[in-house]
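The values are calculated or read from the model by the stated rules, or taken from the named source; none is laboratory data. Treat the numbers as computed from the prediction; the structure is a model and nothing was measured. All Cβ positions, even for glycine, are placed from backbone atoms using ideal geometry, and neighbour counts span all protein chains on display. Heavy atoms of the whole protein, side chains included, go into the accessibility calculation; ligands, DNA and RNA do not. Shrake-Rupley method; radii C 1.70, N 1.55, O 1.52, S 1.80 Å.
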Amino acid sequence: MPDALSARLSTVDLFAGLSPRVISRIIESGHEATYAPGAPVVVEGESVAGFKAFSPGGVEMHVVLEGSAQVSVHGNPGPVLGPGAYFGELSLIDGGPRSADVVAGPDGLTTFALSKWTFEDLLDKHPEVAVPMLRVSVARLRALES
């Protein structure tokens, strides 16, 4: 499975262009998570500080591997995220509360979850990762404005 996961993560804009060695390190540092249909993955307003930041799965970003995820902000439906999309990175960056609800889609959801600590290390060692993430974040903010 690591080779298949490596190939999948390499196609995600956030990780595209990283060396196979770095992708392998990311895989070793993260884990796959599975959610039943309709299960909450991220809850809007949830704090990521304090003890939560140190608990397993407490502060993670997710890359969709299989299934889908429905995003909503202030109860308003947002985009449906499919394989290759990611979410949860904003709270990893600024430590602020979660900015949206994300629930598993009708067929469930499998993600690759990456902890805050691994994500920060990745950004420190590979700052080029920030550019595609900024583009996606700005596009999401612009979509909310329209």
- Task: Rounded to the nearest 10 degrees, what's the angle between the helix 116-125 long axis and the longest principal axis of the chain, both from Cα atoms, 0 to 90?
- Result: 50 degrees
- Item | Choice from 80, 64, 131 showing the highest fluctuation, given a GNM over the chain with Cα pairs closer than 10 Å | 131
- Counting only protein heavy atoms with a 1.4 Å probe and every protein chain in place, the carbon and sulfur fraction of the accessible surface of the chain in whole percent equals 60 percent
- Query: Angle between the Cα long axis of helix 20-29 and the longest principal axis of the chain, 0 to 90 degrees, nearest 10?
  - Reply: 50 degrees
- Message: For Cα pairs less than 8 Å apart in space and 6+ apart in sequence, what is the mean separation divided by the residue count of the chain, i.e. the relative contact order in percent?
- Response: 30 percent
- Task: Taking the Cα centre of the chain as origin, work out the dipole magnitude from +1 charges on Lys and Arg Cβ and -1 charges on Asp and Glu Cβ, in debye rounded to 20.
- Result: 140 debye
- Query: Given 0.36 nm per residue, what is the gain on full extension from residue 28 to residue 139 after removing their alpha carbon distance, in nm?
  - Reply: 37.0 nm
- Task: Figure the gain on full extension for residue 74 and residue 10 (residue separation times 0.36 nm, minus the Cα-Cα span) and round it to one decimal in nm.
- Result: 19.8 nm
- Item | Per residue solvent-accessible surface (Å²) - the chain, probe of 1.4 Å | 53 Å²
- Is the shape of the chain rounded, prolate or oblate, going by the alpha carbon gyration tensor and its root eigenvalues a ≥ b ≥ c, with a/c under 1.5 for rounded and a/b larger than b/c for prolate? rounded
